[in-house]
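Below is one structure, written out as structure tokens, with a few remarks after it.
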């Protein structure tokens, strides 16, 4: 008796799958900042028991996407400017470390792969596609550092900045600035290829800090508009 191909799919632990679904719901805004998470409702909607949902909530809490309140349960974490600034400071530190360590080991193959990602990003149809390719570009240039634990830490931070980017896109749904990002990515590749490591490192840091400044400025202006609209809140 042969086994249907479908029976071989979704062998990943259920809790991991639930975690990914809830993570995407938070990043996309389906679960809004401050929203109460009801385990029973999530379990019923996903067709699973409460056990993997509980494990998923714990995992997302460690990522900073959820907060638990005693006797009240889990809530989607609010986005705060101090947290955003801290997240980007950490990203700057980790990405600079990864890139500096990777530079001596980046080959022409890595650079060709990075340029292929840039070409694919030109045709990104959604903010989600753009973010995925943006992360892929950076990790392609960081992987030669062979710092696995640092990469894991970075991926956790990238989930947070993904959330900020999606919040920005929810208000301004065009792929704002992606052409400029593609140009910056190509410039980084070109400088690496030239063999000037210090210039490459400087270009990467300017790129990361420029992205941070844009997101922070946007959210600061959004906060000011909300305060002006609700002066007694």
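Table for the structure above
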{"item": "Meets criteria (surrounded by 13 or more Cβ atoms within 10 Å (Cβ to Cβ) and touching a strand residue (DSSP E or B) at 6+ places or on another chain (Cβ under 8 Å)) for residue 66", "result": "yes"}
{"item": "Residue in the range 41-63 that is surrounded by the most Cβ atoms within 10 Å (Cβ to Cβ), counting only those that are assigned to a loop (DSSP other than H, G, I, E, B) and modelled with pLDDT of 90 or more", "result": "48"}
{"item": "Single condition residue 33 does not satisfy, out of (1) surrounded by 14 or more Cβ atoms within 10 Å (Cβ to Cβ); (2) part of a helix (DSSP H, G or I); (3) more than 16 Å from the chain's Cα centre (by Cα)", "result": "(2)"}
{"item": "Given (1) part of a helix (DSSP H, G or I); (2) over 15 Å from residue 18 (Cβ atoms), number of the condition residue 68 does not satisfy", "result": "(1)"}
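The values are calculated or read from the model by the stated rules, or taken from the named source; none is laboratory data. All values derive from a computational prediction rather than experimental measurement. Positions of Cβ are generated from backbone atoms using ideal geometry, with glycine treated the same way; all protein chains shown enter the neighbour counts.
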